[in-house]
Amino acid sequence: MRFLGNIEAKTDAKGRAFLPAVFRKTLQGNGEETLIMRKDVFQPCLVLYPESVWNEQMDLLRKNLNRWRKDHQEIYRQFVSDVEVITLDGNGRFLIPKRYLKKAEIEQNIKFIGMGDTIEIWSVANTEHPFMDAEAFGKALEQIMDKEEVE
């Protein structure tokens, strides 16, 4: 499953938004009907996980955490407790609850960003500037992708 690109949209007065058609087609093509929404761990945006991707993330997180460590249980609880199950209506709309609009600093104008196996929802205001400047982005990619060892 690959969600790519970015699409600007608006929420209505009730906080409903249309999931872009290109993303709906990807979901339908993979037999997905349910999405899980949560606030991103690091950024002021929301993340939509197709249910199968959410389940994989849950399994991976659980595998890396020890149930018998208090701090691990708190991490797991924090990750899984503040989520919303999202089902699209017949027109491809879904409701973004008010608490999530506030967490992501969303007023009305939003941007959907395809992140491979997830979809982010940003306030357009928070995407007006590049996430990284071009030089830092190039250097970071060079470091990450440089497979040659220095001798």
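How many residues, within region 95-105, are surrounded by 14 or more Cβ atoms within 10 Å (Cβ to Cβ) and more than 15 Å from the chain's Cα centre (by Cα)?
Number satisfying all stated conditions: 1.
I'd like the full set of residues that are over 10 Å from the mean Cα position of the chain (by Cα) and in a loop (DSSP other than H, G, I, E, B), limited to region 44-75.
Answer for region 44-75, where residues must be over 10 Å from the mean Cα position of the chain (by Cα) and in a loop (DSSP other than H, G, I, E, B): PRO44, LEU65, ASN66, ARG67, TRP68, ARG69.
Pick out, from region 86-151, the strands (runs of 3 or more DSSP E) lying fully within it that include 1 or more residues that are in contact with a Phe, Trp or Tyr (Cβ under 6 Å, 6 or more places away or on another chain) and farther than 22 Å from GLN57 by Cα.
Answer list for region 86-151: 93-95, 109-114.
Could you tell me whether any residue of region 106-117 is free of Cβ contacts under 8 Å to residues at least 60 places away in the same chain, within 28 Å of ASP12 (Cα to Cα), surrounded by 14 or more Cβ atoms within 10 Å (Cβ to Cβ) and not aromatic (Phe, Trp, Tyr)?
No: zero hits.
Just to verify a result, which residue in region 21-43, among those that are among the β-branched types (Val, Ile, Thr) and assigned to a strand (DSSP E or B), is surrounded by the fewest Cβ atoms within 10 Å (Cβ to Cβ)?
THR34
Among all residue pairs at least 6 apart or on different chains, which show Cβ distances below 8 Å where the first residue, located in region 83-97, is within 21 Å of SER52 (Cβ to Cβ) and the second is of a type in the set (D, E, K, R) and open to solvent by less than 50 Å² (accessible area, probe 1.4 Å)?
VAL83/ARG38; GLU84/ARG38
The values are calculated or read from the model by the stated rules, or taken from the named source; none is laboratory data. Given the structure is predicted, the values throughout are model-derived calculations rather than measurements. When we count neighbours, we look across all protein chains shown, and the Cβ atoms used for this are built from the backbone with ideal geometry, even at glycine. In case anyone asks, the SASA skips ligands and DNA or RNA and just uses the protein heavy atoms, side chains included. Shrake-Rupley method; radii C 1.70, N 1.55, O 1.52, S 1.80 Å.
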